Each structure stands twice: as C-alpha cells, then as structure tokens.
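As structure tokens, the structure follows; a few thoughts come after it.
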Amino acid sequence: MFDLNLLGKPGIQPQVVQTTYSFIEQKPKPAAGFHREEYTEEPLEDGRPGRSRAPFLILLLILLVMAGVYFFNTGRRQAALPAARESLSVQDEVSQVISVLGNLSDKVYLQRFLITPEIILANLRSDDQIELNMLSVELEDLLKVQCRISGSKEFGVLLSISIPIEYESQELNDTTPVKKIMEKQGLSDIRESGLTISATLRNEDIFPLLQNMLEAGFIYYKKCWIECRVDQDCSFQLLYDASSTK
Amino acid sequence: MLAISQAYNAVNFLHWTPSESGPLVTGFGNLTFSDCDFSTAASVNQIIAAIKAKVTLDLPVFAFSLDASKAFFSTTPAPKIVDPADILSWQINQSQDEKFQEVMDSYHFPFATDLEMFLNIHIPKAIKKSIIESTRQYKGEVRFVSIGIFSAENCARYCFKAGALNSYIVWRMGKYNIDQLLIIEDNALQAYFSVRRSPDAVKLIEIYGNKELAEEVAGEIEKYLRGDLTGFSSAERVFVYQADHKYLDVRKVIEAALDNVTLLNPLKVLHSEHPGKINYYKTSYLAETGLIFRGLDV
C-alpha cells in the first residue's frame, strides 16, 4: 500500500511510496537520523504493547525517482442506470429535474441549463465534491440520468447531467404567451425576434420560470430550445428559441 | 514532531517526541476554526500558532493531513498493455482545462494490479505552497501532506501492524452519517468509497476502485446496522474511527463486539504524558494524525 504524500513530484506514483520530502531553507534534504525498520509478524494487538526494543527512531530515507508526467485527467463517473425504474412521463421527468435543481444547496451553482426536444442538460459547479456526489445520487434515484463529475477551472468541480427525453409535439408559431409569462415573472431586458426571445434573469428566478413554462406547456414544442447560461456578470441569460434547427 | 489533521472545521493535533521506549506523546487535542483555510500562509500560520499555544515543539517537523474536501478525486483506467503515461496523455487531451494544471497538482496512485486503474488526487498548488511557506516561518520543515482517511490508514499500518494482514478496511465514520472507507488487500488499494448511513440502510455515494468489493462491504455495514452481523467477512480486520468530535457511533460499533473490528486510535498503542485516563472513543479522531508515524515501528 502506498503512503500518500502530496508533497512530492506530481504524476504517476509507484505502488509502494515511502518517501520523505523535506522543505526547509528552500532545498530538499534527507531526514537525518531516522530509519525505517522491518515490520515483524507480530499478532495484532488492541492494547498497549511492551516497550523493550532498542531506540527505534530510524527512518530510512528513500528518495524515489518519480517519473514526472504532469498530466491532469479527469476520471469519469458514469452513472449506472438502475435496471428497473418506474416509468415517468416526460412532463414528470422535466418537472422532477426542475424541482431538484430548484432546491440546490448554497454550495452548488447552476452554470448552464438546456432543454431541447431530445435532451435536458445541466452543468453545476461547486467547490464541494461531496455535495455534487450527493446531488448526482439523488438525481440517479429519480431519473434515467447520466451524471459526469469532472474538475474544471477555478478549482471548481463540474457536474454534468444529461437526460434523454422524447416527445412529439407541434411547432410553436406564436411566442407572445411565452413573453407574457416572462414579463409576469419580472424579467428584465426582454428582447424578441421572430420566434426567439432572450432575457436577463436572476438565479432565483430560473426554476420558478421554468416551472411556469412547463405548466403552460411551452417547453414541449418541436424545435424549441430553452437555454439558461450564466453571463460574465453572473446574471443569467435566457434564450427561448421556438425555431431552432439545431 | 507535530501532526496536524484537518477534519471539517476542526484541526486535530498530536505531538510526539522520541524516548527510550518509543514515541512519547507529549500533547494532543483539537481546535475549531470558523473556516479551516489552508490556502494562504497566513491562515496556516494562524493554525500552527494556535496549536503552539497548546504544545511545546521539540523539533519543528510537521505533517499535515487535509480534509478530503480540499482535494478532488477521479480514476483513470490503466490497461497493462498500454503505457499509463499514454493513457493519461490521451485523457488530458480529451478533457484538459488549460487552467487546471496551473492551479492544481495531480497525483496518480495505482490501485491493486488486477484493477488496472489509477486513483487520481488533485490538490491546489496554493495549499501546498502555503503549508511549506508557513512551516518555514517556524524554521521547521514539513515532511508529509496527506488526506484524512489515507493518513488513518498509516495509523492502522504503522501503529496496529495492519500490513501483516491479508486484508483490512479503514472505516472513517463522519459527519451527517457520511462515512469514507478504504479496502486494502495484499497491501494494495482495492477501493476508496463513501457511504451514507441511515438507521437501517447504507447507500453508496461514490466509489473509486473495486465496485463489487465496495458493495459487499456496504452490505455488511447495512447488516451491522440491522443487528445481523457478527463479524466482517469481506476483510480480515476492520479499523474504525470517528472523524468528527462525536463518539457515539464508533462506540456503538465497538460495543457491538463484532469479531474483527478494532478501534483505530494511536493513543491506544503509544505512551503518553497525558495525566489521567484517556477516552479512546472520544479521541479516535487522532487516527488521522497517523501519517506522522510513517516509517516507524511503533
């Protein structure tokens, strides 16, 4: 078993690592006067053992040559889909996702949320990997969701969620009712062009708005893309595009 | 020598000095901070200063164990037929974030050979830098930086001779009933995983390594919670400790008198200057100072 030491040279580590790194006076030096003894096959004891050995403090310094390969990688955690899962309607699935994501802890930030006729995608960021792990477990319990956790910029951990959905619907020819919902929600900077509406909204408005749009049925139209994306100034840009050919 | 282990918002410490009869513990305890920040030298200075007020440092040699939340974990498959460096290189091309390598150091530790997989641990460079800078200011040196449960594994191996066993498990009982576990077989890492305990069930949260084995161990913990377990069959011995400063959960496990479960606490096997009786349950959080005993025959 390796001795995990994050002071040494990054990269691939050997199976057995017994390495001491010394950081003093800006240059590494061996830990003088210490060595490591061979372990004896004594029975395991819970209590305090006898103390008759010679002075033991000897730590054998082995500076292992570590092949330095500065590679970063992100491992994948592909969610295993439960074999039998209760079948949910598309509306239920979308509703559940909105509900879960609408109640994120303070440590988790929504970065992007996209609903298309084929898939729901969400990117969430957090400094707390455990939070994201728990969130992915929760989502996996609910839905046929694929979660992927990876490291990303600025120390954050990214949870990417994708949920395939299928439904048949007609095209939306008039986006006026959608715009009215946005106005009612208090969104600012609403811009309309053909069958595309964009607006600026606050983080806390995203999921109530999506829930309202869901209840009004404006999510289920052919060629309809709804995307929320965090902007440079940390506000969210909403794009409702009922004419997408993507 | 001073071991400092961070768990949640607490910093635990154990100081020992050489003696004729082995390591002599001259001080231990814990301190709670509103924010356990290790990303600046000033914040690490503050932590060391607070500990120095409690113990006298004979030798300014430090070892740090950080909470797992300070690092990021992932895995990489490493088939024997391919050079692992090539795999990692390929993976970086697939998913590289140009900023990542500027701010993080990535270490790739091998799992047991048959798994053909690496455990990747990514740690912010700022944390390492601040620890090194801070200890220099105390004219000291830092020998090890590790992560909570991996440091506790050192405690099992160096203080309890776990390395002589065919297999063992380190079970870290944590806050909010979220536990972490390591499974070691033939002195090689099989799995690192976390579970959430409820009164009679266990749910796997994250698994790195051997999934089947992790599920088997989780199943045995679930049996224990239901009162149906007499001993763990998935490993020769289980070393258990509680990382927060509570102790009821770990006491319950030990008092269940399972066949092969040991309370993991270095104070059980070390001489101590501490006057009076030591409560080994309450102080089992000191397991995570185990990295300070590396290379020693305690």
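What follows draws every value from the coordinates through simple rules; no lab data is involved. If you're wondering where the values come from, they're calculated on a predicted model, not measured in any experiment. Here the Cβ is made from the backbone with ideal geometry for all residues, glycine too, and neighbour counts use every protein chain on show.
Result for chain B in a Gaussian network model with C-alpha springs under 10 Å: among B:Ala78, B:Ala218, B:Ala68, the largest mean-square fluctuation is at B:Ala78.
Convert each backbone phi in region A:108-113 into a coupling constant with the Karplus relation 6.51 cos²θ - 1.76 cosθ + 1.60 (shift: θ = phi - 60°), then list the ³J(HN,Hα) values in order as whole Hz, x for Gly and Pro. 3J(HN,Hα) across region A:108-113, in whole Hz: 10, 10, 6, 10, 8, 9.
The stretch between A:Ser162 and A:Leu121, if pulled fully straight at 0.36 nm per residue, gains 14.3 nm over its current Cα-Cα span. Annotation note: trypsin sites (Lys or Arg not before Pro) in region A:175-217 located in DSSP loop regions with a Cβ neighbour count of at most 14 within 10 Å are A:Arg202. Were the residues from A:Thr176 through A:Leu114 laid out at 0.36 nm apart, the gain over their Cα-Cα distance would be 20.2 nm. For region B:231-244, putting each phi into the Karplus relation 6.51 cos²θ - 1.76 cosθ + 1.60 with θ = phi - 60° gives couplings of x, 7, 9, 7, 7, 5, 8, 10, 9, 10, 8, 10, 7, 7 Hz, in residue order, rounded to whole numbers and with x for Gly and Pro.
Note on B:Ala49 and A:Val137: with the Förster distance fixed at 56 Å, the Cβ-Cβ geometry gives a FRET efficiency of about 0.90. Scalar couplings 3J(HN,Hα) for region B:46-60, obtained by applying the Karplus form with A = 6.51, B = -1.76, C = 1.60 to θ = phi - 60°, are 4, 5, 5, 4, 5, 6, 4, 6, 9, 10, 9, 7, 6, 9, x Hz; x denotes Gly and Pro.
Between A:Lys184 and A:Arg229, the C-beta separation translates, for a Förster distance of 22 Å, into a calculated FRET efficiency of about 0.50. Starting from the Cα of B:Glu255, step 7 Å along the direction of its Cβ; do the same at B:Lys125; then give the gap between the two resulting points in nm. Spacing of the two 7 Å Cα→Cβ label points: 5.1 nm. Extension gain for B:Leu31 to B:Lys223 (0.36 nm times residue separation, less C-alpha to C-alpha distance): 65.6 nm. For region B:33-86, what class follows from the C-alpha gyration tensor (a ≥ b ≥ c being the square roots of its eigenvalues): rounded when a/c is under 1.5, otherwise prolate if a/b is larger than b/c, else oblate? Prolate. Decide, for region B:72-124, between rounded, prolate and oblate: order the square roots of the alpha carbon gyration tensor eigenvalues as a ≥ b ≥ c, take rounded if a/c falls under 1.5, and otherwise choose prolate if a/b is larger than b/c, else oblate. Because a/c hits 1.5 or more and a/b fails to exceed b/c, region B:72-124 counts as oblate. Taking a ≥ b ≥ c as the square roots of the eigenvalues of the alpha-carbon gyration tensor, region B:162-293 is classed prolate because a/c is 1.5 or more and a/b outweighs b/c. Note on B:Val103 and B:Ser198: with the Förster distance fixed at 41 Å, the Cβ-Cβ geometry gives a FRET efficiency of about 0.65.
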